[in-house]
Amino acid sequence: MPPTAHPDAALAEALARCEALTRENDRLRRSETRFRHMADATPDVVWMTEVQPERVIYASPSFEQIWGRPVADLYEDAHLWVACIHPEDRPRIGSEFGRWLAGARADDRWEAEFRIVQPDGTVRWIHERGFMIPAQGGEPARVSGVSTDITERRLAELALRASEERFALAVAGSNDGIWDWDIATGQMFMSERAQRIFGLAMPGITTRPRAEWRAMIKIHPDDVESQLGMIENYVLGKAPAYDGEWRMRHPDGSHRWVRIRGTCVRDMAGRATRLAGSVSDVDARKRAEEALQQSQRLEALGTLAGGIAHDFNNILGAILGFGEMMMRNTRPESRMRRDLGFVLAAGERGRALVERILAFSRTGAAERVPVGIESVVREVLNLLSATLPEGMKVVPRLEAGDAAAVGDSTQVHQVVVNLVTNAVQAMPAGGTVQVALEAVSLPVQRLVTTGPLAAGDYVVLTVTDTGIGIPSSMVARIFDPFFTTKEPGAGTGLGLSLVHGIVTEMGGAIDVATSVQTGSTFTVWLPRSADTAGAAANPGAALPRGRRERILVVDDEEALVQLTTDTLAGLGYQPVGFTSSADALSAFEADPERFDAVITDERMPHVTGTSLMASVRARRADVPVLLVTGYPAGTVTRRAQAGGAAAVLGKPLSARDLATALARSLGRDTPAA
């Protein structure tokens, strides 16, 4: 039999095992102590639960701060953990944790975010992470984990999301576009509104490399250097701001004004790291400013033109008046009569030129009367025929007769001039302009380019060219102010806008038919009114003569006083001439009954014609006063008529006009036409 072990050896072995176990227990206690110290010191909640029976083995002190309840309550009731979860999150968390625990393995992790409710109603967000500790058979025995209070982070995320939503709504609802350039990465955000303002159409794509945006956006060639220079100087810190207005080309070929503003974010060294800002559509404002400036320029030019026309008409008055007088005293076939004819023809061209200047410079409401359209068209074609370039011809077909439209003859003149001039300019290599005029009855409503045209009678003007035509994409804008299809510097963009405004004011409409490289046809429909008298005055008829009435003649131009008095004397009147309105007024006041009528110039130093008329009529209200002016604008005419003028006559004044107006003012019939 084997030798029996010595009792002392067995005891020593048992003591050794006890010592080892004691050391292990001490190590575990120290490890547990360190764990507890660490768990107690962390702001997170460290916890461990037993699955069966369900109980909380450990929860760190942070539980009381985050959950707002004593840890002891959790040890007594393990369900308190679930009961504290927000009612809206509790079903989801319970379901997800149950599925995880049922299939969990040792290396599976539990993770979830949910809200808890403290006793005072405060809601806090929790991020929970855990793992399963299996029993020897592999089934879940314990679950341990960490719960972190992420309330501040979630509130920041919610605030950021709300801020982003507000920003998105603001961007979507703003009239301005928003852009943001990350200089370091080269990426650039551009809102859809900004893209539309820049003339782009890329819905859904808001972020691209800046180089791509630059390639897509078409800046007016004259603005490229200015725009690039400003942004470069601002980014480099050489300019105080990035704020400018430039023109952008849109797909239809038009250019629209935009205002771009931006602000830099810079690092500690002053280098730009980000540039963000806005873009605004300022096209309407810019064009309104340009229109105002143009209007001011036109007003100033009109004033200048009126002054020039007045002085020029005085010169023409003397030339034409004395020329007519000399013509009457020459033999019909003489060389003198021939030469005087050339002088008078040149004078008449000068008169026509002045009329064109005055037509340009007139402002204010024009008197609306029936206008014989055909006579105006013929006058325009006669004026333009001498200015047509080589290789260009105008073929008229005027068949409207005496058909008239209610309006102002000067404005109708402008319509015809603009349309024919545009037709000529559309054919730089030469060609034919066809001008047709006819009276048309429209049985039913018709839709034309500028809108519906009611059934009725119309005077229809058609101007056709064989020029370059107008692209279909531009037809809708040709009547916009300052829009032009011509090369830069070749047109103001006001002509067709003016035509449209005049035709619309007259109750008419315009139709446009055009084809690129084929030509264009503009058809103007003007409502027909009562026709004008067809017969013109017979230039050979005898002039109405006076009966030795005494006429007071006043003009600051001595030549015109002499011309008028000589003409009146030849017509049987007794004229008394003055070059000073003050002297003339003194003569009238000395003997008001001495004069049967007064003929006075309007524009004179010291006392104007209308002022003289007022003084004369204050002394004797029944005396006829004829006002003569080299600038018969609407305001002068209305002021004179309101003051009681018997007639307002324009310079240069022909003998026939003077004789006829004076005879009528004295109450005598004039010779029949």
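The values are calculated or read from the model by the stated rules, or taken from the named source; none is laboratory data. The structure displayed is predicted, hence computed values, not measured ones. So basically every Cβ, Gly included, is an ideal-geometry build from the backbone, and we count neighbours across all protein chains shown.
Any chance the range 259-272 includes a residue that's aliphatic (A, V, I, L, M), under 28 Å from Ile478 (Cα atoms) and either outside the structural domain of Pro471 (by TED's automatic domain parsing) or within 19 Å of the chain's Cα centre (by Cα) (or both)?
Yes, that holds for at least one residue.
If I filter the range 347-390 down to residues being of a type in the set (Lys, Arg) and assigned to a helix (DSSP H, G or I), which single residue comes out as modelled with the lowest pLDDT?
Once the filter is applied, the top-ranked residue is Arg356.
Among the residues of the range 609-636, how many are among the hydroxyl-bearing types (Ser, Thr, Tyr), in contact with a strand residue (DSSP E or B) (Cβ under 9 Å, 6 or more places away or on another chain) and surrounded by fewer than 18 Cβ atoms within 10 Å (Cβ to Cβ)?
Total meeting the criteria: 0.
Name the residue that is surrounded by the most Cβ atoms within 10 Å (Cβ to Cβ), counting only residues in the range 226-271 that are under 18 Å from Trp179 (Cβ atoms), in contact with a Phe, Trp or Tyr (Cβ under 8 Å, 6 or more places away or on another chain) and of a type in the set (Gly, Ala, Ser).
Restricting to residues being under 18 Å from Trp179 (Cβ atoms), in contact with a Phe, Trp or Tyr (Cβ under 8 Å, 6 or more places away or on another chain) and of a type in the set (Gly, Ala, Ser), the top hit is Gly262.
Quick one: would you say Ile219 is assigned by TED's automatic domain parsing to the domain that holds Asp252, more than 21 Å from Cys264 (Cα to Cα) and touching a helix residue (DSSP H, G or I) at 6+ places or on another chain (Cβ under 8 Å)?
Here the answer is yes, as Ile219 does meet what is asked.
Test Ala400 against the stated conditions and say whether it is at pLDDT 70 or above, in contact with an Asp or Glu (Cβ under 8 Å, 6 or more places away or on another chain) and on the phi < 0 side of the Ramachandran plot.
Yes; evaluated as a whole, the condition is true for this residue.
So for the range 399-407 (the condition being more than 17 Å from Ala513 (Cα to Cα), assigned to a strand (DSSP E or B), in the same structural domain as Leu498 (by TED's automatic domain parsing) and within 32 Å of the chain's Cα centre (by Cα)), does at least one residue qualify?
yes
For the range 377-409, give me each residue that is under 17 Å from Glu438 (Cα atoms) and not aliphatic (A, V, I, L, M).
Selection gives Arg378, Glu379, Pro396, Arg397, Glu399, Gly401, Asp402.
Go through the range 579-602 residue by residue and tally those that are in contact with a strand residue (DSSP E or B) (Cβ under 7 Å, 6 or more places away or on another chain) and either crowded, with 20+ Cβ neighbours inside 10 Å or among the polar types (S, T, N, Q) (or both).
Total satisfying the criteria: 10.
Restricting to the range 424-439, and then to whatever is outside any strand (DSSP E or B) and in contact with a Ser or Thr (Cβ under 8 Å, 6 or more places away or on another chain), can you tell me which residue is surrounded by the most Cβ atoms within 10 Å (Cβ to Cβ)?
Initially, the range 424-439 is screened for residues outside any strand (DSSP E or B), giving 424-430.
Filter once more, so that each one left must be in contact with a Ser or Thr (Cβ under 8 Å, 6 or more places away or on another chain): 426-427.
Numbers: Ala426: 20, Met427: 18.
So the residue we want is Ala426.
Restricting attention to the range 401-416, which residues are in contact (Cβ under 8 Å) with a residue 60 or more places away in the chain and of a type in the set (A, V, I, L, M)?
Passing the criteria: Ala403, Ala404, Ala405, Val406, Val412, Val415.
Sort out which residues of the range 142-164 are among the acidic types (Asp, Glu) and modelled with pLDDT of 75 or more, and write them in order of number.
Asp149, Glu152, Glu157
Taking the range 395-423, which residues are touching a Ser or Thr at 6+ places or on another chain (Cβ under 7 Å) and among the acidic types (Asp, Glu)?
Asp402
If we scan the range 487-498, do we find a residue that is at pLDDT 75 or above, in contact with a Ser or Thr (Cβ under 8 Å, 6 or more places away or on another chain) and among the polar types (S, T, N, Q)?
no
In this structure, is Ala72 assigned to a loop (DSSP other than H, G, I, E, B), surrounded by fewer than 18 Cβ atoms within 10 Å (Cβ to Cβ) and either small (Gly, Ala, Ser) or touching a residue at least 40 places away in the same chain (Cβ under 8 Å) (or both)? First the steps, then the outcome.
Values: assigned to a loop (DSSP other than H, G, I, E, B): no; surrounded by fewer than 18 Cβ atoms within 10 Å (Cβ to Cβ): yes; either small (Gly, Ala, Ser) or touching a residue at least 40 places away in the same chain (Cβ under 8 Å) (or both): yes.
Criteria not met by Ala72.
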